[in-house]
Amino acid sequence: MIRLRMPSDLLRRLPETRPIPLSVPSLTGSEWAYVRECLDTNFVSSVGPFVDRFEHEFKRRVGASHAVATVNGTAALHVALILTGLRPDDEVIVSALSFIAPANAIRYVGAWPVFCDAEPDYWQMDVRWVENFLRCSCVRTAKGLVNQATGRTVRAILPVHILGHPVDMDPLLDLAKEFDLVVVEDATEGLGAIYKGKPVGTLGDASCFSFNGNKMITTGGGGMVVTPRDDWAARAKYLTTQAKDDPLEFIHGAVGYNYRLTNIQAALGCAQLEQLDAFLVAKRRIADAYESAFTGVAGLTAMPEAGGVESAYWLYTLLVDEPVFGMDSRALIAHLRSNRIEARPLWQPLHLSPAHADAPKANCPVAERLYARAVSLPCSVDLDPDDQTRVIETILHASRRG
Ligand SMILES: *Cc1c(COP(=O)(O)O)cnc(C)c1O
């Protein structure tokens, strides 16, 4: 078969060239029916059957003991970190290459992030870095494990499963056990991913999910805390619903939060959850097509998947090696955008973030290298195969031009 390649400047002039977004939701299941049910029954707010149903179905799907819905993923992280009993000035080891929310949540409770570099193979939290930090930079004292550089106590690890690929959890959990650290998983990008037969989000003491518009499933905005611990689940429900002890007299036993998900949002969540398996299949199909297009192209590295794990392939990301490809990641992003294809870099590594300039200094060269090279590509679950071909052709053409 002869495959015609169309130069991108010609494509740009074609009137039918439509924009291809990075990642948009697919709302073609029971969303309308369930939301209509909320409106018809007047249950639009923070109580209603869909909230309980979403929590129940979510925990069943993920294989967790308890699930507590929250208003968004950042709130889920905040609550999870409160559950751990972190105290002001404690330290939490967190992935440097991540969206900023987990580091912010650490600051919300007055603790400090210790930024951990990424490993080069799967771009996740580098467990060897964690081990080295714990063994070489910390000492055990009466008040706990103390970071010698700061004098503060290290109490928790917050691995972020970025882009849908699991962190290497077994050795991390071994270290947590050895050093008596709590583990909170940020599984917001890893819904549906599997680590050695176990679902991501069931491996830590608590795990957090997000249902923002660009996540694997969406409720418009929303989140979930899951945990195997009965007491933590009860506490999470209590804290996220204003810590109300007496609903008639409005007696509150603690400073709580209004972190509730509404019934309408939960209705969307129930409908989306029914489609999660289909979404995961679609994400993998998209990743496979990119993988076969980019493998062997000089200067490009397709998104990796470790042995023994199943990535959720939440956000398909490519690495560009400028000297070989002839164009750097930012130029490729601009080139794609000029062809009406939405592409974007990864997040600025958090140890470089002005928002966390007062955190302990960190050296994360791998995270910086990945940040310099990464390009996230369109991967909506409804991505039209012809559109994906256009993305691929535009990239391959850019490389020949360069
Ligand atoms: C999206 C995301 C969050 C936050 O979720 P929101 O629902 O937007 O608050 C947290 N951590 C990571 C890694 C994310 O990608």
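If you go through the stretch 352-368 and pick out every residue that is surrounded by 15 or more Cβ atoms within 10 Å (Cβ to Cβ) and within 19 Å of residue 328 (Cβ to Cβ), you end up with 4. Report the residue count in the stretch 163-183 for those that are in a strand (DSSP E or B) and out of contact with any Leu (no Cβ under 7 Å at 6 or more places or on another chain). Number of matching residues: 1. Here residue 375 clears all of (1) in contact (Cβ under 8 Å) with a residue 12 or more places away in the chain; (2) open to solvent by 60 Å² or more (accessible area, probe 1.4 Å); (3) not basic (Lys, Arg) except the condition numbered (2).
Free of Cβ contacts under 8 Å to residues at least 24 places away in the same chain, farther than 25 Å from residue 44 by Cβ and of a type in the set (D, E, K, R): is that true of residue 244 in this structure? No; evaluated as a whole, the condition is false for this residue. Count of the stretch 302-321 residues, restricted to those that are open to solvent by 40 Å² or more (accessible area, probe 1.4 Å) and either of a type in the set (A, V, I, L, M, F, W, C) or in contact (Cβ under 8 Å) with a residue 24 or more places away in the chain (or both), is 4. Of the strands (runs of 3 or more DSSP E) lying entirely inside the stretch 197-302, those carrying at least 1 residues that are within 16 Å of the ligand (Cβ to nearest atom) are 206-210, 223-227.
Summed over the stretch 323-334, the residues that are open to solvent by 10 Å² or more (accessible area, probe 1.4 Å) and either aliphatic (A, V, I, L, M) or in contact (Cβ under 8 Å) with a residue 40 or more places away in the chain (or both) give a count of 7. Do we have residue 241 as within 27 Å of residue 124 (Cα to Cα) and either open to solvent by 40 Å² or more (accessible area, probe 1.4 Å) or touching a Phe, Trp or Tyr at 6+ places or on another chain (Cβ under 8 Å) (or both) here? So residue 241 fails the test.
The values are calculated or read from the model by the stated rules, or taken from the named source; none is laboratory data. Everything numeric here is computed off the predicted structure, so don't read it as measured data. For neighbour counting, all protein chains shown are included, and Cβ atoms are generated from backbone atoms with ideal geometry for every residue, glycine included. Accessible surface is based on the protein model in full, side chains and every heavy atom, while ligands, DNA and RNA are left aside. Shrake-Rupley method; radii C 1.70, N 1.55, O 1.52, S 1.80 Å.
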